Amino acid sequence: MSTLNKILTIISGVLKILFGDPLDKNKKNLTISYLIGLITGRGHLFRKSKTITIEFSHNKEISVGIFHCAKCGQLVTKNAKTKVYTCKNSSCQKTYENSGAKEYNAVASTRLSLNEVIIPLLKSEISANFIVSGNNATTLLILDFKDNPQLFEEITSCFEGKFSFDSFDIPKKIHEASYDEKIEFINGVLDTAGFSSPGGWLNRDGVSGHGRMRAYFQIVRNWSITVQIDNFLRKYFNLPVQTIDWGHPNIRDGNLVDFFEGKKTGSTREHQIKFFPEYYTIFKFRIKYKADMLSELAKHNSSCVFENKEDWFPPGGVSRVKSFHPDEADIRIPQQARQHVNAFWQVNYLMGCEYLEQLANTAKSKDLFFLTGNLTKLGDDFEKLKKEYEKTSNNLYNELSVQNAKKSSTKKLKITKADELRFLEKDTYPILTREIKSYLETKYGEPVEAFDTSSFNLNAFLKNQSLIEAYDHCEKFNIKVDIFAFLVKTKRIVFVESKITNLDVKALGQMIGYCLVGQPIEAILVSTESPTASFINLLTANPKILNYGNDLKIQIATLKNKQIRFEKI
Amino acid sequence: MSKQKKDLTLEISNWFFNLVKKLFEPEYVILESATPSSILAKVNSAHLKKFDNYSSWEFRPDIYVVLKNIKSGKQELCISNRSDSALSLKEIGELKCYSQIVESKLSLLISPRGTSTEVGILLSDKDTQDRLLKFDNNTILIGTWDETTKQVQSESIIPFGHRSLIDKINVSNKRK
């Protein structure tokens, strides 16, 4: 090495010692941005134990790619009724008994990608203990930072005191990050919340092929970040989004099919931000099967040659008025969007889409713009039009109700024993809600709110009632208690489980599980049947099984004559 | 119980029996191993009847093994519950109650589907894991049953620190 080179090497080394290697720092920032993306997509923060858990879901063990016709190369799809695969090319229409699509083992691929690519990448810049766990539906990556609490604080501080992906916003740090760091952030979100399944293709004709493939971000229970991601992709990368399929009843269940089949939760599913993969080539999946499937989708679209970007923005207006849906006021929908809508972009607007806000500011009437998508008309007819739309909406609902009433009257109703018990158990909830509220208000001398939460996941319920701010363990509640009570002043919680059969160790065990997680100040296991002598005997011999915390234990009670009577154990 | 469930219980109980043997012999001798069809209080077992308060044991674990410490002569119980579906807080709470009642030496909760995703996430937090699984000076172990190899996958074991324990039995079974 020449003398000059030697000198330059020494100077470079000294500068790195003093100021750090900019390349190293850059690599660390990229890695952290990727990790923040993973967390934003599906992460859980456990501040006490300094752990971060990230979910990689793969609901089906085997994912299937695109089936192209061996004869003409066009798309082949399966008829749901006949189960026969048919080429979509009208000049070909070749049929197949079995699928010729490539299969991917999602579980194995996820684990392999984690062990061989993602963990080594993260480990190279992040000092933590990495553990892989999970089941066939979800693989969990657990990062234990107990030996590196400073880095844990640095990463988790981005999320501004929130605990879980279903309440995160895109961190400010990412908005302020470099272009490449923003790309890594999206890569992280894709690896956890992105999916490239060919099942969601659009019925479109390209220049030389049919069927336009879409990939999507699947956003669970987080309405705000859905529109934030759309705006982020638009703002920093100028990328189109084809549509946002909101888990709003008017969007997902516009014809009330789920509703009339009694599927109450059908209208509050996940949101899907759908995009055409050929425009998103700057990003990449590190989960191999997802990357391979995305590549299939992009190749297919490129070979079909689609010329229209089909960006949802600017919106095309409101094509039709939808039926009223009884779940429009569901408390699991955030306040802003808890109303009737006729188009998905209206939900975008309600959830704070910057682009729609800017567009609305150019409208002659903002109200009319929201109602119809029209920018140029004045709002003189707004009230009249709004009433017309409401009338149409209600009429549609009445028609659907009549149609479905006819259908269900011809169905033979099958009530199972479980249904009977469920029905009777449900009868106890209003009484218990009232009695528990009264009991707690008397005991603690402060206002109490009590709710029947038997149909809700407690986490989702608390979030939408704005009670989640009051209780920092709420993020961990993915459980259903029958009655949930909340002491308003001191912000403490109470669980009640109701049974209409004799209490046993099994019932106690269920409640113990909930209480060990939730740590309510009181937990009451109540039945309409008095406890049996043998159950009392067992509890007397083993009182510790009632304990779930420091001086916290489950109370056994009986509901008789609409009053709660506590058993002395 | 369906034939499928019966077969699963039998396979798991054989594996569990071997685990108990591997872990506790020669300090302990195995007196009895069973998959009871009634609550423990009503099982006609001379060994069970030697436990204090056995008559209050009005519950039925899927598998139990009775051990005796050769030196002290003290009897102890190992229990296991199995589920066909993904394990939830309900199953964990249930086994925790049973474990505390019998002061079990080993408690194992097994399912071919492992834990539910929500429970997996809860258990990834050490504090919550300790609250859910620890009892007295012991801990419940949770694992996924592999229907192909007829054993619990050691990489599925929670708490994570106990994976090497299961590795031992799986390795020695392989050698056989």
Original post:
Of B:Leu122, A:Leu378, how do they rank once you tally other Cβ atoms within 10 Å and put the fewest first?
Top reply: A:Leu378, B:Leu122
**OP:** State, as an integer percentage, the relative contact order of region A:1-159 based on alpha-carbon contacts under 8 Å between residues 6 or more apart.
**Re:** 24 percent
Original post:
How do A:Arg565, A:Arg286 rank when sorted from fewest to most other Cβ atoms within 10 Å of their own Cβ?
Top reply: A:Arg565, A:Arg286
**OP:** Could you tell me what % of all Cα pairs in chain A have separations over 31 Å?
**Re:** 61 percent
Original post:
What percent do you get for the relative contact order of chain A when only Cα pairs under 8 Å and 6+ apart count?
Top reply: 10 percent
**OP:** Please report, in whole Å, how far the alpha carbons of region A:236-376 spread along each principal axis, starting with the longest.
**Re:** 42, 42, 25
**OP:** Whole number please: convex hull volume per residue, Cα atoms of region A:8-121, in Å³.
**Re:** 216 Å³
Subject >> B:Lys22 versus A:Ser124: modelled label distance in nm, points set 7 Å from Cα along the beta carbon direction >> reply: 3.7 nm
Original post:
How many angstrom lie between the C-alpha centres of region B:78-100 and region A:322-359?
Top reply: 43 Å
**OP:** Count, for each residue of B:110-121, the Cβ atoms from other chains sitting within 10 Å of its Cβ, then give me the mean as a whole number.
**Re:** 6
Original post:
If you take the C-alpha gyration tensor of region A:156-255, multiply each eigenvalue by 5 and take the square root, what semi-axes do you get, largest first, in whole Å?
Top reply: 27, 19, 11
Original post:
Within chain A, which is the longest segment containing none of the GluC sites (Glu not before Pro) that sit in a DSSP loop and have at most 11 other Cβ atoms within 10 Å?
Top reply: A:308-569
Original post:
Given 0.36 nm per residue, what is the gain on full extension from A:Glu388 to A:Arg565 after removing their alpha carbon distance, in nm?
Top reply: 58.3 nm
**OP:** State, as an integer percentage, the relative contact order of region B:10-133 based on alpha-carbon contacts under 8 Å between residues 6 or more apart.
**Re:** 20 percent
**OP:** Quick one: of A:Lys27/A:Lys48; B:Lys22/B:Lys71; A:Lys162/A:Lys544; A:Lys309/A:Lys391, which pairs are farther than 27 Å apart, Cα to Cα?
**Re:** A:Lys27/A:Lys48; A:Lys162/A:Lys544; A:Lys309/A:Lys391
Subject >> Label-point separation, B:Asn44 to B:Ile30 (7 Å along Cα→Cβ), nm >> reply: 2.4 nm
**OP:** Distance between Cα centroids, region A:526-557 to region A:427-443: provide it in whole Å.
**Re:** 20 Å
Original post:
Based on the Cα atoms of region A:51-96, what semi-axes does the equivalent ellipsoid have, where each is the square root of 5 times one gyration tensor eigenvalue, given in whole Å with the largest first?
Top reply: 34, 12, 7
Subject >> Proxy reagent accessibility, fewest Cβ within 10 Å first, across B:Cys78, A:Cys92, A:Cys87 >> reply: A:Cys92, A:Cys87, B:Cys78
**OP:** Quick one: among B:Thr115, B:Thr35, B:Thr149, which has the greatest mean-square fluctuation in a GNM of chain B with alpha-carbon springs under 10 angstrom?
**Re:** B:Thr149
Subject >> Cα→Cβ-extended label distance, 7 Å offset, between A:Gln555 and A:Lys309, nm >> reply: 6.3 nm
**OP:** Starting from the Cα coordinates of region B:1-149, work out the convex hull volume and express it per residue in Å³.
**Re:** 116 Å³
Original post:
Expressed as a whole number of Å, what is the distance separating the alpha-carbon centroids of region A:134-189 and region A:44-121?
Top reply: 26 Å
Original post:
When N counts the residues of region A:202-277, how does its alpha-carbon radius of gyration compare numerically with 2.2 N^0.38 Å, as a ratio?
Top reply: 1.30
Subject >> Column: log10 I(q)/I(0), Debye, Cα scatterers of region B:34-78, q = 0.19, 0.21, 0.25, 0.34 Å⁻¹ >> reply: -0.56, -0.67, -0.91, -1.39
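Here, each number is a calculation from the coordinates, and none is a lab measurement. Only a predicted model underlies this, so the values are computations on that prediction, with no experimental measurement involved. Counting neighbours? That spans all protein chains shown, and the Cβs are built from the backbone with ideal geometry, glycine included.
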